[in-house]
Amino acid sequence: MIQKLLTHRKYLFVVFGLLCLFSIFGLTRLRINFEFEQFFPDGDEDLSFFKSFTSEFENDDNFLFIALKNKSSVFDTAYLEKLHTLTLDVRELPGVVNSQSITSTRYPVKTPFGYSLLPLVHKNDGVQLKADSAMLANDERVKGYFVSKDMSSAAIVIKTQNKINVAQSDSLLGELKLLLTKNGIAWDEVHLLGRTFFQSELVALQQREVMISTIISAILVSIILWLIFASWWSVLITITGVTASLLIFMGLLAGIGRELTLMSALYPVLILIVGSSDVIHLMSKYIDSTNDNDDRIASMVKVIKEIGFATFLTSATTAVGFATLVTSRLNVIREFGINAGIGVMIAFVVVLLVVPGLLIQFKPSQLYQPKGKAVWLQHFADFAYQFVLKNPGRTAALFIASSLICVYGISKITTNYKLIDNLPRGAKVTEDFLFFEKNYAGFRPLEFAITVKPPYKADDYKVVSEIDKLENYLRSTGTVKSSLSLAMIYKSMHMMANGNQKDYYKIPEDSIVFNEYRTLLSKMKSAEATVLMNKNKDKTRVSTIIADIGADSIKIIGKQTDQWLKQNVDRSLMEVRRTGTGLILDKNSVYVTESLLKGLLLSVLLISLLMAWLLKNWRMWLISMVPNILPLLFAAALLGYFNIELEAGISIIFAVIFGIAVDDTIHFLTRFKLCIGEGLSVEESLAATFKDTGKALVLTTVILFFGFLVMLFSSHPPSLIVGVLVSITLVSALICDLYLLPLLIRYWYK
């Protein structure tokens with residue numbers, strides 16, 4: 001069968017060439033998705049409650065802040081006129097429901113003739129503006145929301161349609177850019193914050209990331225291959241094989257309707273370096289075992305028979321490592337694992353069917369020009385063999401000490417990740433996020449869902465008074481930077497009805513006065529009141545913005561708040577429950593460890609079964625697993641020692657490491673078994689394995705190391721961390737295979 005395929009290789013080239021052409025056409029249909037909902041953990045009780053609660057309200061992320069700075073203060077007539085014009089104009093943009101700023105906001109004032117609505121700021125009256133400035137300087141309703149803390153910028157708060165998608169976000173931001181240009185405002189002069197801006201910017205960033213990682217990976221792999229083999233034919237064959245694999249993989253994703261996510265920048269890196277590793281094992285074996293005058297087809301058939309099954313197993317174990325990510329509660333991680341597993345197997349099939357046909361077109365001397373460039377590879381392997389042979393006790397002691405150091409590092413791991421940790425380095429979206437964190441309330445929402453018990457209603461005096469108690473407590477924690485509730489609205493009305501004196505910013509002590517405000521509020525049809533209370537008036541919400549202090553820190557504050565609620569809220573009036581997109585996203589820190597352990601256990605189990613089937617010897621199986629557990633401990637220790645928070649995006653490194661690290665072990669033990677089967681002793685078999693396979697193991701690790709190190713060019717922090725950690729850890733896996741594996745074989749193998 002193999003010989004027939006090689007003999008008729010031209011037909012294979014045509015078939016795969018057509019597949020690549022179809023894939024290139026399919027790439028035009030490949031879409032990138034960045035919906036916040038994909039980061040919500042499936043099957044979570046709080047998520048179910050959140051969906052049920054918001055079905056009667058709106059989401060807590062349907063907003064877009066646009067901050068415009070002024071040279072001195074926002075209380076400048078020319079600046080405020082421009083702000084007001086822009087506030088009104090953005091209401092006409094697609095996807096915008098409403099917009100508001102300090103120039104469009106009015107408040108009720110009690111007069112002898114009833115209530116009148118007055119502007120929050122008198123934008124055309126320079127004298128009155130001074131009074132407005134003094135009044136708003138200490139107004140918690142405005143400061144940090146409509147104006148910055150230092151009063152140097154003001155924000156237009158845009159309410160967007162609920163669950164606005166990426167295409168709608170792109171359309172809205174495109175029209176906004178045109179509107180700003182029309183008003184003489186450059187895009188770099190404004191700061192934006194909100195779901196719309198995040199979605200549009202991160203999708204555009206991901207498109208660039210995929211392209212850049214593909215190009216840089218291909219260039220880097222080409223350089224390393226040339227330095228090792230000193231032959232452009234070897235480089236060309238390898239790049240042809242892995243490029244075909246990548247095109248077919250991406251074309252398949254487009255064909256089955258899969259979308260790219262923030263983790264997708266790893267796909268090109270994975271396919272290129274895993275595919276290159278398969279090519280290198282084939283090419284190295286072909287070069288080492290074939291002379292220029294040999295029958296190349298017969299030689300390649302022999303090579304495939306010797307290492308083809310081992311190459312299949314290495315691909316299968318890598319794919320299994322990725323596939324075990326299905327244990328994650330995050331759909332984005334599950335899809336990444338499934339897609340990456342499919343990609344690895346596609347790379348194996350393409351390499352096995354296409355690359356041998358390309359290799360036999362050339363003599364071994366054309367594929368490798370020995371100029372001293374690859375000598376150090378074999379020297380590295382030979383040194384490892386001699387060191388372990390002469391220093392078994394010292395080698396064992398070093399690994400035991402390293403394991404203990406790793407265990408201590410693992411104890412330092414935390415899951416206290418922050419939103420800023422996931423935003424791209426040096427991008428406008430990150431700069432703007434930091435601007436709002438520093439000068440405004442920020443972005444991270446935390447909702448409190450309030451269910452009112454009959455016969456009370458959400459806007460009853462007693463209920464609003466209880467809500468005020470909750471809001472005052474939240475403010476006292478120092479973590480809540482802004483809040484909106486029915487209590488805040490009634491306190492504002494009471495203050496405004498008393499000449500805007502700050503002492504009156506409280507719930508009126510007289511319920512009759514309160515009921516007057518309630519009647520007035522119903523006539524005004526306040527947008528805030530509509531958002532805060534459902535139609536039946538049996539549910540309301542307290543919407544807060546909290547500091548980005550980390551998931552674990554927020555979890556502690558949440559527990560303290562729950563305890564306060566139990567002791568201080570009148571449960572005969574209402575029930576209060578924490579909810580919101582921020583809380584749901586933070587639940588990932590709870591599930592990430594659970595999913596990681598499940599995934600690792602499943603990965604170890606499945607790969608153990610594959611190894612047991614391959615080796616058919618329980619001692620050999622045990623020997624094979626030990627060197628591949630240690631790199632996992634090493635990776636976890638790096639997280640602890642370098643204070644890298646364990647979150648969903650980072651947790652995939654363990655699946656990547658275990659799935660790839662075991663590959664070298666399989667190649668090593670497969671060759672060792674062949675030698676044993678030929679009648680060699682254990683020591684003779686080890687020596688032959690190091691001579692025959694050692695160079696290929698070092699070479700593939702070099703490719704893997706620099707291949708994943710390409711992620712240093714990524715602006716997405718989790719991708720960068722994954723790339724660096726995997727690169728470093730795979731070197732530790734090579735050390736385990738070259739130093740620990742022969743030590744275990746000498747002592748345990750019979």
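Each reported figure results from applying straightforward, stated rules to the coordinates on display, with no laboratory input. Worth saying up front: this structure is predicted, and the values here are computed from it rather than measured. Note that each Cβ is placed from the backbone with ideal geometry, even for glycine, and that neighbours are counted across all protein chains shown.
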Sorted on mean Cβ neighbours within 10 Å (highest first), peptides 729-739, 316-326, 551-561 come out as 316-326, 729-739, 551-561
Once the in-chain neighbours fewer than 8 apart are removed, the lysines whose Cα is under 21 Å from Lys598 read Lys412, Lys587
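Relative contact order (percent) for region 205-296, with alpha-carbon contacts under 8 angstrom and 6 or more residues of separation? The partial results should precede the final answer.
Values: 49 pairs, mean separation 38.4, N = 92.
Once normalised by length, the contact order is 42 percent.
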Taking 0.36 nm per residue of separation between Phe642 and Ala612 and subtracting their Cα-Cα distance, the length gained on full extension comes to 7.2 nm
Taking r as the C-beta separation of Tyr408 and Gln378 and R0 as 35 Å, the FRET efficiency to the nearest 0.05 is 0.45
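Full extension from Asn391 to Glu81: what is 0.36 nm times the residue separation minus their Cα-Cα distance, to one decimal in nm? Mind showing how you got there, number by number?
On the way: separation 310, 0.36 × 310 = 111.60 nm, distance 8.07 nm.
Here the segment from Asn391 to Glu81 would lengthen by 103.5 nm.
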Mean separation of Cα contacts under 8 Å (at least 6 apart) over the residue count of the chain, i.e. the relative contact order in percent, is 19
Nearest-0.05 FRET efficiency for Leu88 and Leu178 at R0 = 22 Å, using Cβ-Cβ distance, is 0.85
Taking the alpha-carbon centre of each part, the distance from region 213-261 to region 337-366 in Å is 11
When the charge dipole of the chain is computed with +1 at the Cβ of Lys and Arg and -1 at the Cβ of Asp and Glu, the Cα pointing farthest to the positive end, of Gly251, Val210, Phe448, is that of Gly251
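At most 11 other C-beta atoms within 10 Å and a DSSP loop state: those are the exposed GluC sites (Glu not before Pro) I care about. Give me the longest piece of the chain that has none.
On the way: sites that count: Glu509, Glu678.
Result for the longest clean stretch: 1-508.
Using only alpha carbon pairs under 8 Å that are at least six residues apart, calculate the relative contact order of region 553-650 and give it in whole percent. If you can, show how the numbers build up before the last one.
Values: 21 pairs, mean separation 29.2, N = 98.
It comes to 30 percent, rounded to a whole number.
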Once both label points are put 7 Å beyond Cα along the C-beta direction, the Ser522-Ile219 separation in nm becomes 6.9
A correct Karplus calculation of ³J(HN,Hα) over region 436-453, with 6.51 cos²θ - 1.76 cosθ + 1.60, θ = phi - 60°, whole Hz and x for Gly and Pro, returns 6, 5, 7, 9, 10, 6, x, 10, 5, x, 9, 9, 10, 8, 10, 9, 8, 8
Taking every other residue with Cβ under 14 Å from the Cβ of Leu686 and scoring Lys and Arg +1, Asp and Glu -1, one gets -1
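Nothing charged except the Cβ atoms of Lys and Arg (+1) and of Asp and Glu (-1): what's the magnitude of the dipole of the chain about its Cα centre? Round to the nearest 20 debye.
Numbers: 73 positive and 66 negative charges, 126 e Å.
Using Cβ point charges on Lys, Arg, Asp and Glu, the chain gives about 600 debye.
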Under the Karplus relation with 6.51, -1.76 and 1.60 and θ = phi - 60°, whole-Hz ³J(HN,Hα) for region 464-481, x at Gly and Pro, equal 5, 5, 5, 4, 5, 4, 4, 5, 5, 5, 4, 5, 6, 6, x, 8, 6, 9
The helix 45-54 Cα axis meets the longest alpha-carbon principal axis of the chain at an angle in degrees, between 0 and 90 and rounded to 10, of 40
Residues whose built amide H sits under 5 Å from the amide H of Val147, excluding neighbours closer than 5 in sequence, are Ala155
So for R0 = 30 Å, FRET eff. of Asn291-Ser681 from the Cβ-Cβ r, to 0.05, ends up at 0.60
Partner lysines whose C-alpha sits under 27 Å from that of Lys305, ignoring same-chain residues fewer than 8 away, are Lys4, Lys10, Lys285, Lys363, Lys616, Lys673, Lys691, Lys695, Lys750
